[in-house]
Amino acid sequence: MEHTINWFACMSFSARLIALRKEKGLTQQGLADATHIHVQQIKRYEAGTSEPSAEALRKIARAFSISTDWLLFEDGERGPSDDLRLQFEAVSHMPEEERHIVKALLEGMILKYQTKQMVNNLSS
């Protein structure tokens, strides 16, 4: 499926939904049955005339065993840069206690940055 995911990377939500549904061999009614979303609503999503709610996205993602992020965002649009991705991968292999320390450090740095930005905005 990795090759398929790359192919979908630059598609709109409606185009991804159509392609995924067809890849799984589902009709619009079949997708409606699998997601418990009315078939008319599936048709609107595929036509691009309606955007799904968060709950509808969850149902669609579950039906296809994919993430909601994958449905909504293009490849690389959301997530860390390659260098941070490698660091996060290294952290994921650490013992749980060390992962908690890294997480606390990151949260502290993020708070420090956000506070600095707010102070700068107030003084501007």
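The values are calculated or read from the model by the stated rules, or taken from the named source; none is laboratory data. Here the structure is a predicted model, which means the values were calculated and not measured. Please note: Cβ atoms are built from the backbone with ideal geometry, for glycine as well, and neighbour counts cover all protein chains shown.
This table checks each residue for (1) in a helix (DSSP H, G or I); (2) modelled with pLDDT under 95.
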| site | (1), (2) |
| --- | --- |
| 29 | yes, no |
| 59 | yes, no |
| 63 | yes, yes |
| 76 | no, yes |
| 84 | yes, yes |
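Among the listed residues 15, 54, 34, which satisfies the condition of being in contact with a helix residue (DSSP H, G or I) (Cβ under 6 Å, 6 or more places away or on another chain), at pLDDT 85 or above and not hydroxyl-bearing (Ser, Thr, Tyr)? Outline the logic, then answer.
On the way: 15 fails: in contact with a helix residue (DSSP H, G or I) (Cβ under 6 Å, 6 or more places away or on another chain); 54 fails: in contact with a helix residue (DSSP H, G or I) (Cβ under 6 Å, 6 or more places away or on another chain).
Being in contact with a helix residue (DSSP H, G or I) (Cβ under 6 Å, 6 or more places away or on another chain), at pLDDT 85 or above and not hydroxyl-bearing (Ser, Thr, Tyr) holds for just one of 15, 54, 34, which is 34.
Would you please name the residue that is farthest from residue 13 (Cα to Cα), looking only at residues in the stretch 24-75 that are exposed (fewer than 14 other Cβ atoms within 10 Å of the Cβ) and in contact (Cβ under 8 Å) with a residue 60 or more places away in the chain?
75
Here are some conditions: (1) farther than 26 Å from residue 15 by Cα; (2) in the same structural domain as residue 12 (by TED's automatic domain parsing). Residue 107 meets all but one. Which one does it not meet?
The one condition residue 107 does not meet is (2).
Going residue by residue through the stretch 78-98, is there one that turns out to be on the phi > 0 side of the Ramachandran plot, free of Cβ contacts under 8 Å to residues at least 24 places away in the same chain and either surrounded by 12 or more Cβ atoms within 10 Å (Cβ to Cβ) or not hydroxyl-bearing (Ser, Thr, Tyr) (or both)? Give the derivation first.
Of the residues in the stretch 78-98, the ones on the phi > 0 side of the Ramachandran plot are 79.
Within this subset, residues satisfying the condition of being free of Cβ contacts under 8 Å to residues at least 24 places away in the same chain are 79.
Now narrow it down to the ones that are either surrounded by 12 or more Cβ atoms within 10 Å (Cβ to Cβ) or not hydroxyl-bearing (Ser, Thr, Tyr) (or both): 79.
Within the stretch 78-98 (the criterion being on the phi > 0 side of the Ramachandran plot, free of Cβ contacts under 8 Å to residues at least 24 places away in the same chain and either surrounded by 12 or more Cβ atoms within 10 Å (Cβ to Cβ) or not hydroxyl-bearing (Ser, Thr, Tyr) (or both)), the answer is yes, since at least one residue qualifies.
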